[in-house]
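A.B. asks: Before I ask anything, let me first share the structure, which is written out below as C-alpha cells.
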Amino acid sequence: MKRVFSGFRPTGKQHLGNYLGTIQNCVALQDEYECFYCVVDIHALTTLENTERLQEDIYEMVLDWLAAGIDPQKSVVFVQSHVPEVMELHTLLSMVTPLSWLLRVPTFKEKVKMQPHNVNYGLVGYPVLMTADIALYKGDIVPVGEDQLPHLELAREIVRRFNSLFGFVFPEPQARLTSFPLILGLDGVQKMSKSYDNHIEISASPQVIMERVMTAVTDPARQFRSDAGHPEICNVFRLHKIFTPASADEIASECRSAGIGCVTCKNMLAQNIGSTLEPFRERRAVLSSKPDYIAQVLAQGANRAEFIARKTIREVKEKMRLLRRSNYS
Ligand code: SF4
C-alpha cells in the first residue's frame, strides 16, 4: 500500500478552510493509503517566538482532526518532535542541499519580509526539514494545495540528489492536489486564515457561526436591498455552493432579481453550516470527555512512526558510510 505523508503546523482549533481544504481530503485518503498525519511543531518554531500556547494548540488541532474522521486505528497521528530521528535526517539531507536552492524559495523571501527581526537559520532550512519529514517515512504521496507545489518539487530534487550521490533510499514523493484548493475567508479576498481573522472555527457554536457569517463581505455593488446582486462575485454564495448545494441555483436567481436580501441569505448559510457541523461537534464533545485520549493517540502514533524512522536512519547511515565503530569488523 502506498504511503501518504502530510504535515500541519499546530494552529489550534481548525476552521472551515482547513476542514474543506485539507481535513476532508485526509479522511478520504485513509481508505486508499497508509497515512501519516504529523503535527509539525518544530516547523512552527521558525516563526513562533512564544511557545506558551504550543501544547494547547496541538491538543485542539488533533481533537478536531479525530472528531472530523481521522481514525488513529487506520492512520499514524503523531507530533514531529516526538520522533527525534527527523532532526537527524534533516542534518544529513542539509549536506546534499545546495544553499542556492533554498535561498530562491519564494516563501523564504516572504518570511524574511514578514519577520525581518527574526530571520533564523531554521527559516532557510525549512524545505530540508520538510523533505526529512516525508523521506523519513518514505512517503510516496503528499496532499498539497497549489501554493505548496514548489516546496514539494524542491523535496523531490533533494531526495533525487541524495539517491544519485549515495544510492537509492527514498521514493520521489508525488503531489496530490486537494479538491478544494482555495477557500476564501469572510473578507472575500484573502484565503481563510486565523491570522486574517476571516475564519469560522469548525467547533464554533451555531450562535458564533451566525455572528461570524453576518460579518461576511458580499457583493460590494449591492448597496441597497432593492439592488440586483451578483452571486458569481459573492463569497457568501461560494459558501452556499458548498453548504447549500441543492438550493444554490435558486439562491443565485433570487439574488440577481433582488428577491432575497443579504441578511436572509447569510442567515440560511449560517444555519446550513451549523447543521452540517453538528455531528462533528457531538463527536468532539465525546472525545474531549475521555481523559488523556489525545495523549494516548499521539503516543501510539509516535511509537509506530519511530519504528519506521529508525529503519530509515539506519539505511541512510549505511549508504553514507556513517556506521558506528562496532560495524567495522
Ligand atoms: Fe451574496 Fe446572497 Fe447577498 Fe446575493 S443575496 S449578494 S449571494 S449574500
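A.B. asks: Which condition does Val297 not pass, out of (1) without any contact (Cβ under 8 Å) to a residue 40 or more places away in the chain; (2) under 24 Å from Gln80 (Cα atoms), if it passes all the others?
C.D. replies: Exception for Val297: condition (1).
A.B. asks: Failed condition for Ser226, given (1) within 21 Å of Leu20 (Cβ to Cβ); (2) over 21 Å from the mean Cα position of the chain (by Cα), with all others met?
C.D. replies: Ser226 satisfies every listed condition except (1).
A.B. asks: While we're here: Going through segment 246-259 one residue at a time, which ones are hydrophobic (A, V, I, L, M, F, W, C) and without any contact (Cβ under 8 Å) to a residue 24 or more places away in the chain?
C.D. replies: Passing the criteria: Ala246, Ala248, Ile251, Ala252.
A.B. asks: What are the residues in segment 148-195 that are among the aliphatic types (A, V, I, L, M), crowded, with 16+ Cβ neighbours inside 10 Å and either within 28 Å of Glu318 (Cβ to Cβ) or at pLDDT below 95 (or both), if any?
C.D. replies: Passing the criteria: Leu152, Leu154, Ala155, Ile158, Val159, Val169, Ala175, Ile183, Leu184, Met192.
A.B. asks: Applying the selection to segment 228-263, what residues are part of a loop (DSSP other than H, G, I, E, B) and surrounded by 13 or more Cβ atoms within 10 Å (Cβ to Cβ)?
C.D. replies: Gly229, His230, Cys234, Thr244, Ala258, Gly259, Ile260, Gly261
A.B. asks: Please specify each residue of segment 237-268 satisfying the condition of being among the acidic types (Asp, Glu) and near the ligand (Cβ under 9 Å from one of its atoms).
C.D. replies: Across segment 237-268, the qualifying residue is only Glu254.
A.B. asks: Kindly establish whether Gly145 is assigned by TED's automatic domain parsing to the domain that holds Phe307, surrounded by 14 or more Cβ atoms within 10 Å (Cβ to Cβ), modelled with pLDDT under 95 and over 20 Å from Leu48 (Cα atoms).
C.D. replies: Taking the combined requirement at face value, the residue satisfies it.
A.B. asks: How many residues, within segment 200-227, are more than 15 Å from Thr264 (Cα to Cα), of a type in the set (S, T, N, Q) and crowded, with 19+ Cβ neighbours inside 10 Å?
C.D. replies: 1
A.B. asks: Further question on the same structure: Return the residues of segment 184-216 that are in a loop (DSSP other than H, G, I, E, B), on the phi < 0 side of the Ramachandran plot and within 16 Å of the ligand (Cβ to nearest atom); say none if nothing qualifies.
C.D. replies: Gly185, Leu186, Asp187, Val189, Asn198, Ile200, Thr215, Ala216 - these are the residues of segment 184-216 that are in a loop (DSSP other than H, G, I, E, B), on the phi < 0 side of the Ramachandran plot and within 16 Å of the ligand (Cβ to nearest atom).
The values are calculated or read from the model by the stated rules, or taken from the named source; none is laboratory data. None of the values given here were measured: they were computed from a predicted structure. Please note: Cβ atoms are built from the backbone with ideal geometry, for glycine as well, and neighbour counts cover all protein chains shown.
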